[in-house]
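Have a look at the structure below before the remarks.
The values are calculated or read from the model by the stated rules, or taken from the named source; none is laboratory data. Bear in mind that the values here come from a model prediction, so they are computed numbers and not experimental data. Cβ sites come from the backbone with ideal geometry, for glycine too, and all protein chains shown count toward neighbours. Protein only, heavy atoms only, side chains kept; ligands, DNA and RNA dropped before computing areas. Shrake-Rupley method; radii C 1.70, N 1.55, O 1.52, S 1.80 Å.
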Amino acid sequence: MHRFFVSPADISADLIRLSQEDSTHIRALRLRPAESFIVCDGIGTDYVCRLGKQDGGSVAEIIEAVPSLGEPSFDCTVFIAFSKGSKLDIAVQKSVELGACRIILFPSERGDKADLKKIPRLQRIALEAAKQSGRGIVPAVTAEDTFDSAVIHAVSTDFPLFFYECESETTLRDALSQYNAGQSVSIFTGPEGGFTDREADTAKSSGMTAVTLGKRILRCETAPIAALAAVMYHTGDL
């Protein structure tokens, strides 16, 4: 079923005000009057709707309201180092599909500097991925100014994981054996060149748990996807 997102302010008792973009998209889909589609308020409720007759088809008539089923059982933030080309596009898209609650980008010594010009495009990618995957929210894509500020943000969660290619002892499975249901999680992955010793020391001394994803070196766009999928599997959300 086709899916759209609106602000809760656009929802009244039995009608939902659609944006011009969504109205145009719905007309392009050539939905018949009896066909239903989903409008989500972005905070956990899905509205089964049909196209309304008012205002030239710019409203949706609510048939029923149901809880969004596409959200995981815990809060997970994915921290991804800035990188070049389309790598961030892929990492953001797949992280949203897998259930990340938010995505935070950060600069690193061996990666790209913070580039806030990328955020609007990445937020659009997150929106489209949320629609496609049946999410109940559109995860926000934001950025930290520095590596250190990203670490401070990550350790504010209950279970901050630092994925480090030089870690040789603690596996993700080892780390997750200490996870308690419902704890918030941070997944922190690095750039193409990997983390420097200073960055690793900063993360570990700040309280993050350094873990390895195995003996193979994953690309910077693959690591967050693999890590998030493994965590979701462990929690029963995949």
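Table for the structure above
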read-out	value
The range 1-31, residues that are without any contact (Cβ under 8 Å) to a residue 12 or more places away in the chain and in contact with a Leu (Cβ under 9 Å, 6 or more places away or on another chain)	Asp10
Tally, over the range 3-18, of residues that are open to solvent by 50 Å² or more (accessible area, probe 1.4 Å), at pLDDT 90 or above and either hydrophobic (A, V, I, L, M, F, W, C) or under 23 Å from the mean Cα position of the chain (by Cα) (or both)	3
Restricting the range 32-67 to residues that are over 15 Å from Arg17 (Cα atoms) and more than 29 Å from the chain's Cα centre (by Cα), the residue that is modelled with the lowest pLDDT	Pro33
Hits in the range 168-202 - residues which are crowded, with 18+ Cβ neighbours inside 10 Å, assigned to a loop (DSSP other than H, G, I, E, B) and in contact with a helix residue (DSSP H, G or I) (Cβ under 8 Å, 6 or more places away or on another chain)	Gly190, Phe195
Qualifying residue in the range 68-78 (condition: acidic (Asp, Glu) and either modelled with pLDDT of 90 or more or open to solvent by 70 Å² or more (accessible area, probe 1.4 Å) (or both))	yes
Strands (runs of 3 or more DSSP E) contained entirely in the range 87-163, each with at least 2 residues that are in contact with a strand residue (DSSP E or B) (Cβ under 6 Å, 6 or more places away or on another chain) and of a type in the set (Val, Ile, Thr)	102-106, 140-143
